[in-house]
Amino acid sequence: MKNFQLIKIVIQFQLLLLFLLPIKGFGKIIHVPGDYLKIQNALNVASEGDTVQVAPGRYFENIKWPETNDIKLIGGGEDCTIIDGGSMGHVIEISFMYGTAVIQGFKII
C-alpha cells in the first residue's frame, strides 16, 4: 500500500512539473512556402524555440532577423535552397541577438 501511495505522489509531482516548467526546444515548425510564402513573414511570426523550415527553391528576399531568441531557419540544402538578395544590401541582417540562432541549408547570394 505504501509503494502505491509513493508511486502516486511521484506521478503527481511529475505532472505538476510538466505543466509548470517551461519546456525549451519544443517549438512549432513553420513551413515556407506551405504556411507562409516568404521567409521574412514566417520569421516575423516565429516564437522562441520555433523552426522555420524552408522548402527547396529560390527566394528573392532581404531578411531582417526578428528580435526573438532561439529561432532555427532550416533550408532544404545549399544546392537547392537559395536566398537571393538581388545585390541589394545584406541578404540576412541580424541587429539583435540574445541567445542562439541557427541558419543552415541555404546558399546565400
Checklist line | Reachable aspartates and glutamates, given that their alpha-carbon falls under 14 Å from the alpha-carbon of K38 and they are not under 8 places away in the same chain | finding: E61, D84
Item checked: Charge dipole magnitude, Cβ of K and R +1, D and E -1 - the range 25-108, Cα centre, debye nearest 20 -> 120
Notebook entry, point to check: In terms of the Cα gyration tensor, with a ≥ b ≥ c the square roots of its eigenvalues, is the range 25-108 rounded because a/c is under 1.5, prolate because a/b exceeds b/c, or oblate?
Noted result: oblate
Item checked: Alpha-carbon centroid distance for the pair the range 28-45 / the range 49-109, whole angstrom -> 11
Check: In what order do I39, I92 fall by count of nearby beta-carbon atoms within 10 Å, going from fewest to most?
Finding: I92, I39
Margin query: At a 10 Å Cβ-Cβ cut-off, how would you order D84, D79, fewest neighbours first?
Written below: D79, D84
Margin query: Using Cβ contacts closer than 10 Å as the measure, can you line up T81, T100 from fewest to most?
Written below: T100, T81
Check: How many nm separate the modelled label positions at N44 and H90, each set 7 Å beyond the Cα in the direction of the Cβ?
Finding: 1.8
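Bear in mind that the values in this text are calculations on the coordinates, not laboratory data. From a predicted model like this one, the values you see are computed outputs, not experimental measurements. Neighbour counts are summed over all protein chains in view; Cβ atoms, including those assigned to glycine, are modelled from backbone coordinates with ideal geometry.
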